[in-house]
Amino acid sequence: MLTKPRDPVTALEGPSSKKRRFSPLLLIGISIPVILALIAGGVFLSTQFASHAAQEDNPDCSLVIPNNPLTAQGLATPYQLAATDPKQGACHEANANQSAFVQAAIIDPATGKISIYAPLVVDQGTKPAVQPVVPNLPRNAVVGIWFGYNANNLTLVKSHRARNHHFNIRGGASGNCVNGTGGSVFGQFAYCNAPAFFQVANAAIKAGKITVPALGTANDGKDCPTSRDFFVVDMDQSDNVQTQYLVTANGQTAQFSAANKAKLNNPNVISNPSDNALLTRFLDPALGCKSWQAPDLTDNNTLVSALPLDELQAAAHQAAPVALIPAGDPMVLNNGKLDIGKTNAYRAGVDQPTVRNLRDADTATYCTNLINVGMPRLQANMQAFQNQPSPDPGAANNLFTFLASRLASSLSADGINCVGLLKIQNPITLTTGADGVVTAATFANNTPVPTATTTTPTTNVVKGSATVKLYTQSHSTVLVMKLNYPNNARKQVTVTVSPDSCTGKPVLSQKETTDRQGNINAFALIRNVQGNTLPTNWFLAITDGNQIVGCGAITANGATGTVTLTANQATTTTNNNVAVTPTVAATTTTNNGNTQTTTTTPTVTATTTTNDATATPTVVATTTNQ
């Protein structure tokens, strides 16, 4: 979520009484939907629906799932919002502090075409202002559904009689819905049938039915950001959705569409302040980038952004280090404790690889990348972002101060406790006005990030071979793999082909799942390969989570190439000095808005040692693979 709602008294997570780490920002669930509505729809949310104080609103609501939610009729049947515990007060969709949102994606397995649909949410026992559009689904369509929420804990239930219980609702007729594990809800996020959707989408990508758009180059000269970029993520990434709804004066809701806006009398707009909305509505435009979009069946096929598209694009193109749900994400904690099962359940809903142990989802590594990767790019874009609107003017006066506030919050003890895990002071200092709005941010000099040792990889665990052949007429290259990952049956890994090193920017990134014997017998297609011979600097790498478990140089001979991975000691590149000294960009903002800035480019120092001088390939030291 862009910023987190907060109960300043208890900070409890609802029925499960879990301690929740919230942002120390002000309670701003009111103003975020307003500004998102302004940017995306040109309509403000009136104070009639946003005047509730947080202490007066029940933060824990439930959504009653309609019958057969993965069908056309189920998608067009409104979800019903109700209080999880009625004794704590009512829940109303028109109240921006309690609103829940639903986003669906539909894929045609035959063609790979993806479309988006926004199922409606209404108060339990009420009718929508306008009946939802019934979508026309392709034959054998596979539907995935994701949920966002503006308060603390959203629980999915099959009927209102079950409101007081947490559910993972299995079975196609019930939508294969997941909102947590073991009586512990995620919080603001849930999904239905998401793993099945991603499985079909990834198969379509592999078969060439879907071409994932390239990221493009941002105004700062770097790749356009993704939902897995440490420049974008916060303490709980990949949560919430971009869905918006219309609200009438009497509190009824309708789907967001041009037709409904014309039909209703000056409707208001409510929105879900998601990380995805921050990316697609604020960061992308500010950087001259454009998100992947698909037709919205709710709004006459208008192109829209969506969480599943963001995740697919990030999986295909995000260069290392890749931000994946850490074990310390507050939405995957179970009664304040790390829970690998809940971490994997959340990851499955956003197409991220599962982990075998908590070290593979290390929060300290995540924190290090927030500081070493995310913070320098924010500093470098300070001047540009100061001229961009804030996603919430009630919290910060421009995009730069908003992002700085959000990052400071994530690093804090109330976030994922990077300051405690790394034993540092928060490197970001915020300046606020009398009204509590952040007006400036400074970044500390010589921020001490602890020295760590990273190896990429220490051994080649994966063994086997692969062949590569270039087809010059189609400018395509086919990679055929016959590999084995011992003792890792049915394990999802990422196969990459990158220039110059195992950790270079990949020209291919593809997910594969081992069989019962740990084998990977698969092929991959690399398009737009120019020339009549294969590049001589390609490396094949197999990554499990954030750890490279096999890598080898592809030996090219004209239009063909081979690579052999053996399960023995490989080239070891150890970075014994991953500490970064982020050089600061000091910001001083005066009352008239004039800003004086001193910026120095951050640098990263690394010491590389090779333990096996005869092994290939040489792997460049980075801080990304722990």
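Observations on the structure shown:
- Per-region count, the range 475-525, residues touching a residue at least 40 places away in the same chain (Cβ under 8 Å) and within 30 Å of Thr217 (Cα to Cα): 26
- Test: residue in the range 330-340 that is modelled with pLDDT of 95 or more and among the small types (Gly, Ala, Ser): no
- Residue count, the range 243-253 (criterion: open to solvent by 10 Å² or more (accessible area, probe 1.4 Å) and in contact with a helix residue (DSSP H, G or I) (Cβ under 7 Å, 6 or more places away or on another chain)): 1
- Highlighted here are the strands (runs of 3 or more DSSP E) found entirely within the range 420-496 that include at least 1 residues which are open to solvent by 50 Å² or more (accessible area, probe 1.4 Å) and at pLDDT below 90: 463-471.
- Some residue of the range 222-233 being of a type in the set (Lys, Arg), touching a residue at least 24 places away in the same chain (Cβ under 8 Å), in contact with a Leu (Cβ under 9 Å, 6 or more places away or on another chain) and over 30 Å from Gly504 (Cβ atoms): no
- Positions within the range 254-288 being assigned to a helix (DSSP H, G or I), closer than 25 Å to Asn152 by Cβ and open to solvent by 30 Å² or more (accessible area, probe 1.4 Å), in sequence order: Arg281
- Within the range 197-219, tally of residues that are surrounded by fewer than 19 Cβ atoms within 10 Å (Cβ to Cβ) and either farther than 18 Å from Val350 by Cβ or polar (S, T, N, Q) (or both): 11
- When Ala320 is tested against (1) open to solvent by 10 Å² or more (accessible area, probe 1.4 Å); (2) assigned to a loop (DSSP other than H, G, I, E, B); (3) touching a helix residue (DSSP H, G or I) at 6+ places or on another chain (Cβ under 6 Å), just one condition goes unmet, and that condition is (3).
- Here is the figure for the range 174-215: residues that are under 18 Å from Asp310 (Cα atoms), among the hydrophobic types (A, V, I, L, M, F, W, C) and not in a helix (DSSP H, G or I) total 7.
- Pairs, first within 16 Å of Thr126 (Cβ to Cβ) in the range 71-90, second assigned to a helix (DSSP H, G or I), C-beta under 8 Å, six or more apart: Gln80/His160; Ala82/His160
- So Ala556, is it open to solvent by 30 Å² or more (accessible area, probe 1.4 Å) and either among the β-branched types (Val, Ile, Thr) or at pLDDT 60 or above (or both): yes
- Criterion: open to solvent by less than 30 Å² (accessible area, probe 1.4 Å) and either modelled with pLDDT under 50 or closer than 27 Å to Pro308 by Cβ (or both) - qualifying residue of Leu38, Leu12, Leu63: Leu63
- Inspection of the range 295-307 finds a residue satisfying the criterion of being part of a helix (DSSP H, G or I), open to solvent by less than 20 Å² (accessible area, probe 1.4 Å), within 25 Å of Pro353 (Cβ to Cβ) and not acidic (Asp, Glu).
- Residue, modelled with the highest pLDDT, within the range 516-527, restricted to residues that are within 28 Å of the chain's Cα centre (by Cα) and not aromatic (Phe, Trp, Tyr): Ile520
- Any hit, the range 81-93, residues being among the hydroxyl-bearing types (Ser, Thr, Tyr), open to solvent by 20 Å² or more (accessible area, probe 1.4 Å) and part of a loop (DSSP other than H, G, I, E, B): no
- Matching residues, the range 497-526, being within 21 Å of Val355 (Cβ to Cβ) and open to solvent by 60 Å² or more (accessible area, probe 1.4 Å): Thr513, Arg516
- Across the range 156-176, the number of residues qualifying as touching a Phe, Trp or Tyr at 6+ places or on another chain (Cβ under 7 Å) and either modelled with pLDDT of 95 or more or buried (at least 24 other Cβ atoms within 10 Å of the Cβ) (or both) comes to 1.
The values are calculated or read from the model by the stated rules, or taken from the named source; none is laboratory data. Because the structure is predicted, anything quoted here is derived from the model rather than measured. All Cβ positions, glycine included, derive from the backbone under ideal geometry; neighbour counts span all protein chains shown. Quick note on the areas: whole protein, heavy atoms, side chains included, nothing else; ligands and nucleic acids left out. Shrake-Rupley method; radii C 1.70, N 1.55, O 1.52, S 1.80 Å.
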